[in-house]
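In what follows, a single structure is set out as structure tokens and then discussed.
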Amino acid sequence: MHTSSNLTTNESAEYLRQSTRTLIRWRNQRIGPPWVRVGGKVLYRQRDLDAWMEGQTVQPVANDGGDGL
């Protein structure tokens, strides 16, 4: 997708399928994926985005049959 492993906010938003505004809001709230500031620019490392997404994995709850479904 990208030749660099350092992505801009716009590129990161596209990668995560979120809006740019969402990433900015997450950053301001200190939630969401880690980011770095380099020379006044905010960058996201792709490996950090991947690790953050991995940490967002939700495992389904096994249905034990006791709820009538």
State, to one decimal in nm, how far the label point of residue 42 lies from the label point of residue 19, with both points 7 Å from Cα in the Cβ direction. 1.5
Any idea of the accessible area per residue across the chain, 1.4 Å probe, to the nearest Å²? 76
Using the Cα centre of the chain as the reference point, and only Cβ charges (+1 on K/R, -1 on D/E), how large is the resulting charge dipole? Debye, rounded to the nearest 20. 600
Please report, in whole Å, how far the alpha carbons of the chain spread along each principal axis, starting with the longest. 58, 27, 16
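The values are calculated or read from the model by the stated rules, or taken from the named source; none is laboratory data. Since we're looking at a predicted model, the values are computed, not measured. Positions of Cβ are backbone-derived with ideal geometry, glycine not excepted, and every protein chain shown enters the neighbour counts. The protein model used for the area step is the full one, side chains on, heavy atoms only, and it has no ligands, DNA or RNA in it. Shrake-Rupley method; radii C 1.70, N 1.55, O 1.52, S 1.80 Å.
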